Amino acid sequence: EMPSHDDLVLAERPAAGVLLLTLNRPEKLNALSKALLSTLRDRLAVAEADGSIGCVVLTGAGRAFAAGADIHDMLARGLASYADPERLASWRAIEAFAKPMIAAINGYALGGGLELALLCDILLASEVARFATPEIKLGSFPGDGGTQRLPRLVGQSFAMQMVLTGAMVDAVLAERKGLVSEVLAAERLLPRALEIAGDIACRSVAITPLAKRAVRAAAEAPLAEGLAIEHALVVDSFATEDRTEGLRAFAEKREPVFRGR
Ligand code: CAA
């Protein structure tokens with residue numbers, strides 16, 4: 001029987017429609033072991049299937065959001081650690097999570113930890129958060145999406161600087177470069193993340209994943225293709241009851257009652 005790793009990612013329901021997931025390996029700065037990643041994948045699969053969850057907030061216990069891939073496992077297993085099919089499947093599943101996900105970056109987001117944050121849709125940073133791709137110092141470079149997603153967000157020059165030097169970036173600079181959308185005092189980070197998540201969760205859970213896919217296409221597709229994706233998703237939205245309800249509620253000057261379909 002497989003050991004249970006449920007405690008590696010804590011799950012709470014702090015507000016209606018919101019799931020708070022906390023990476024919980026603080027003694028190792030939430031280094032992304034295979035077990036931690038597969039636990040996160042499992043948690044997200046449950047959240048995806050649960051119609052009462054409209055938004056996920058992802059944060060880290062202790063001093064780190066996540067300090068990257070597990071260096072000790074890479075040392076022990078080499079390429080088999082990086083190319084582990086189950087590890088890669090976990091990453092792909094986290095990337096494919098359909099509902100909105102907010103990263104509440106409480107501390108270090110390094111290497112794979114930054115790459116995990118880059119899979120989230122909205123990035124918020126505590127003023128003590130630190131960002132880097134330190135792999136170059138280990139004779140490596142980002143391998144879980146960082147070399148592709150960072151330049152799309154912060155531009156080629158700053159991304160190159162991060163990847164080639166491994167230097168730490170503080171929260172204020174991260175916000176200036178567009179890596180995060182807000183910087184908050186440490187004690188305000190989670191309340192603000194939950195507030196935004198609550199705003200998202202009270203919208204239609206049939207519609208927010210379509211909006212997420214449309215905005216994501218901007219980073220992943222050429223313009224003409226992205227516009228076609230946007231158009232197709234908006235057409236899809238007309239097939240939902242919630243779209244009709246939203247328009248009708250406006251006309252009737254009342255709050256909409258969304259049913260997620
Ligand atoms: N993997 C495994 N363990 C890690 C880790 C990681 N990425 N990062 C930190 N830890 C462990 C440390 O080994 C230490 O454990 P022990 O107490 O058992 O020795 C514990 O977490 C606390 O860390 P430190 O004692 O180092 O804490 P510090 O405050 O002195 O330093 C730090 C903090 C600067 C973040 C430092 O821990 C650090 O540099 N960590 C590594 C960051 C890094 O290089 N990340 C990239 C990993 S490679 C990657 O992600 C690869 C890829 O895409 C292919």
inquiry  = Just checking, does the range 115-127 include any residue being under 29 Å from VAL205 (Cα atoms) and within 11 Å of the ligand (Cβ to nearest atom)?
reply    = yes
query = Does LEU10 fit the bill of being without any contact (Cβ under 8 Å) to a residue 60 or more places away in the chain and crowded, with 20+ Cβ neighbours inside 10 Å?
reply = no
message = Tell me the residue from GLU225, GLU182, GLU135 that is farther than 30 Å from ARG13 by Cβ, in contact with a helix residue (DSSP H, G or I) (Cβ under 9 Å, 6 or more places away or on another chain), charged (D, E, K, R) and surrounded by 14 or more Cβ atoms within 10 Å (Cβ to Cβ), please.
response = GLU135
ask   = Going through the range 115-125 one residue at a time, which ones are over 12 Å from GLY178 (Cα atoms), surrounded by 24 or more Cβ atoms within 10 Å (Cβ to Cβ) and touching a residue at least 60 places away in the same chain (Cβ under 8 Å)?
value = LEU116
key: Residue that is nearest to the ligand (Cβ to nearest atom), among those in the range 27-45 that are within 10 Å of ARG87 (Cβ to Cβ) and either part of a loop (DSSP other than H, G, I, E, B) or among the hydroxyl-bearing types (Ser, Thr, Tyr) (or both)   = SER33
ask   = What pairs come up if the first residue lies in the range 69-94 and is within 10 Å of the ligand (Cβ to nearest atom), the second is among the polar types (S, T, N, Q) and in a helix (DSSP H, G or I), and their beta carbons are under 7 Å apart, counting only those six or more places apart or on different chains?
value = ASP73/SER81; MET74/SER81
note = If we keep only residues of the range 161-182 that are under 20 Å from THR147 (Cβ atoms) and of a type in the set (Val, Ile, Thr), then the residue farthest from the ligand (Cβ to nearest atom) is VAL180
task = Could you grab me the full set of residues in the range 243-253 that are of a type outside the set (D, E, K, R) and without any contact (Cβ under 8 Å) to a residue 40 or more places away in the chain?
result = THR244, LEU247, ALA249, PHE250, ALA251
query = Which members of the range 72-98 meet the condition of being within 10 Å of the chain's Cα centre (by Cα) and in a loop (DSSP other than H, G, I, E, B)?
reply = PHE97
task = Filter the helices (runs of 4 or more DSSP H) completely within the range 147-232 down to those with at least 1 residues that are modelled with pLDDT under 95.
result = 208-220
task = Just need a number here: residues in the range 135-152 that are farther than 19 Å from SER90 by Cα and near the ligand (Cβ under 9 Å from one of its atoms).
result = 5
message = Taking the condition of being surrounded by fewer than 16 Cβ atoms within 10 Å (Cβ to Cβ) and within 24 Å of PRO222 (Cβ to Cβ), how many residues in the range 154-178 meet it?
response = 5
inquiry  = Could you list, ordered by first residue, the pairs with Cβ atoms under 9 Å in which the first is in the range 230-242 and surrounded by fewer than 17 Cβ atoms within 10 Å (Cβ to Cβ) and the second is aromatic (Phe, Trp, Tyr), at least 6 apart or interchain?
reply    = GLU241/PHE258
request  = Assess whether GLY112 counts as being in contact (Cβ under 8 Å) with a residue 40 or more places away in the chain, surrounded by 14 or more Cβ atoms within 10 Å (Cβ to Cβ), small (Gly, Ala, Ser) and within 23 Å of GLU195 (Cβ to Cβ).
outcome  = no
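The values are calculated or read from the model by the stated rules, or taken from the named source; none is laboratory data. This is a predicted model, so every value here is computed, not measured. We place every Cβ from the backbone using ideal geometry, glycine too, and count neighbours over all the protein chains shown.
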